[in-house]
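Down below is the structure, laid out as structure tokens.
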Amino acid sequence: MQLASFYKKSGDKKNAIEYYLRVKEISERNGLLENVKAASKHLDSLYTETGNAPLAGKYKAIYYQYKDSAETLKREKELTQVEADDEQQRQEKLEKEAEELKRRRNNIQYLGIVIGIIGLFIALVVLGMFKVSSGLIKAISFFVFLMLFEFIFLIFKKNIYSITQGEPWKDLAFMIALAALLVPLHHWLEHKMLDYLTSHNRLTSAGLHIKRKLFRRTKQGEP
């Protein structure tokens with residue numbers, strides 16, 4: 001193409017035509033429509049200048065043929081790009097909706113866990129008001145505190161990525177530091193609560209009041 005342009009500018013129409021024909025032939029084999037169109041346009045003007053009207057008309061027709069084909073392909077490409085952009089936006093919207101649904105589902109699960117832990121602590125306090133086995137209180141207490149502190153570990157683990165960026169050694173260091181803080185606290189709180197509940201593991205005034213109230217309602221409901 002450069003040689004053909006050089007020969008055309010220097011007035012060597014014969015070599016210019018020869019090289020533009022080569023450009024057209026190679027471009028057709030490789031599907032380079034823009035190059036075929038450009039070469040045909042130059043051949044049209046060169047054959048016109050050399051007085052070869054039939055060949056000039058031939059390459060003029062080829063030029064317009066490839067021009068229309070190139071414009072059609074361009075429009076198809078633009079349409080395909082628009083469709084691809086629409087599909088990408090649709091996929092992004094679906095991904096966002098899926099992420100939002102997952103976030104809501106996780107929040108509901110977190111709320112359920114919190115309610116469960118609070119309910120178990122309330123059950124422990126209620127058990128401490130009645131004469132129940134200290135072994136039962138210890139078993140439930142162990143489970144409640146295990147659930148509480150594992151939940152705390154879970155919350156921290158889900159929110160440390162912004163700090164550690166997922167690097168294993170940073171994750172490990174953070175979890176060790178967290179365990180060093182929470183494990184002693186876990187044992188201390190569990191020990192204190194067990195001491196309190198087992199030392200009050202009898203019919204307290206509150207427990208006795210609840211029991212009398214329940215029995216009174218039962219007797220009133222009898223025929």
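Values quoted throughout were computed directly from the atomic coordinates according to the rules given, and no laboratory measurement underlies them. Owing to the predicted nature of the structure, the values given are computational and were not obtained by experimental measurement. For neighbour counting, all protein chains shown are included, and Cβ atoms are generated from backbone atoms with ideal geometry for every residue, glycine included.
Observations on the structure shown:
- Residues LYS138 and ARG105, FRET efficiency given R0 of 41 Å [Cβ-Cβ distance, rounded to 0.05]: 0.75
- Straight-distance crosslink candidates among aspartates and glutamates, where the alpha carbon sits under 17 Å from LYS158 and sequence neighbours closer than 8 are dropped: GLU99, GLU100, GLU150, GLU167, ASP171
- Residues of type lysines that LYS138 reaches as a straight line, Cα spacing below 18 Å, ignoring anything fewer than 8 places off in the same chain: LYS192
- Cα-Cα over 19 Å, subset of LYS9/LYS67; LYS37/LYS74; LYS8/LYS74; LYS8/LYS67; LYS14/LYS67; LYS41/LYS67: LYS9/LYS67; LYS8/LYS74; LYS8/LYS67; LYS14/LYS67
- Separation in nanometres of the label points that stand 7 Å from Cα toward Cβ, at GLU97 and TRP188: 5.1 nm
- Placing +1 on the Cβ of every Lys and Arg and -1 on the Cβ of every Asp and Glu, with no other charges, gives region 1-130 a dipole of roughly 400 debye about its Cα centre.
- Cβ-Cβ distance of ASN52 and LEU73, R₀ of 30 Å, FRET efficiency by 1/(1 + (r/R0)^6): the value works out to about 0.50.
- Euclidean distance of C-alpha centroids, region 15-34 and region 81-131, integer Å: 64 Å
- Within straight-line cross-link reach of LYS77, aspartates and glutamates at Cα separation under 17 Å, skipping those fewer than 8 residues along the same chain: GLU34, ASP68, ASP85, ASP86, GLU87
- In this simple spin-label approximation, LYS14 and ARG90 carry label points 7 Å from Cα along the Cα→Cβ vector, and these lie 6.1 nm apart.
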